[in-house]
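Report on the following structure.
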Amino acid sequence: MYNAFRLLEKGFFVLALLGLVLRSAFVGGGLPVMLVGILALALLYFAGGYFQARPPEPAGPAGLAPLKLPGLRVVSGIALSFLLIGVLFRLLAWQGSTVEIVAGLVLGAGVQLWAFVAGRGSGQPVATSVFRRTALLMAIGGIVLLTPVSSIIRWFHRDDTALAEKMVYQHEHPDDPAAAQAVRQHLQAKPEQL
């Protein structure tokens, strides 16, 4: 099961990156590919935290038993799911992305600290797959969190700057119905593109 998890993880990660590249290059179908890749990866991490069986590990230094932390995998799966959903919300310029990413970063920091303390206390190496995976996705989440939503909107809509500016205004003024109406009208006048 562990090998299937790793294979699915790599496949969904590549799918999410491919969707992001396609969307950035204005190729039709980029958005659905990105959505499927990120959502599948978030679901895989969430479910994998509960059900992923750990492969047999050799004994650690000086014949110590391998480090077993099933609770760490569960919390890591939840943290990574929060991070990925927050990144998706940010890439789509949806409200609530900051809360999701910050919650994922806080949980991820807890996972990192837990893995570090448990590893040091048992004399085991700290760099487990959970530790590395969480660190990588925390870095991605931190970069996306620090990127302004207006920059993301302008990047994905750089082919139509008028729409980009209307969307930025709408994002900055979510309670303004005229801003939402202006975006809707602009999109209706434009040929459909995903």
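Things to note:
- Local net charge near Ile140, Cβ-Cβ under 12 Å (Lys/Arg +1, Asp/Glu -1): +2
- The angle between the Cα long axis of helix 2-24 and the main principal axis of the chain comes to about 20°, on a 0 to 90 degree scale.
- Dipole in debye (nearest 20) - the chain, about Cα centre, beta carbon charges: Lys, Arg +1; Asp, Glu -1: 660
- Peptides 135-146, 178-189, 28-39 ranked from most to least packed by the mean count of surrounding Cβ atoms within 10 Å: 28-39, 135-146, 178-189.
- Efficiency of FRET between Val14 and Val117 - r from beta-carbon atoms, R0 45 angstrom, step 0.05: 0.85
- When the chain is described by a simple charge dipole with +1 on each Lys and Arg Cβ and -1 on each Asp and Glu Cβ, the residue from Val102, Ala135, Trp155 located farthest towards its positive end is Ala135.
- For the chain, the relative contact order works out to 17 percent when only alpha carbon pairs closer than 8 Å and six or more residues apart are counted.
- Fewest-first ranking of Lys190, Lys166, using other Cβ atoms within 10 Å as the exposure measure: Lys190, Lys166
Where a number appears in this text, it was derived from the coordinates with a stated rule and is not lab data. Keep in mind that what you see is a predicted model, and the values were worked out from it rather than measured. Backbone-built Cβ (ideal geometry, glycine too); neighbour counts: all protein chains shown.
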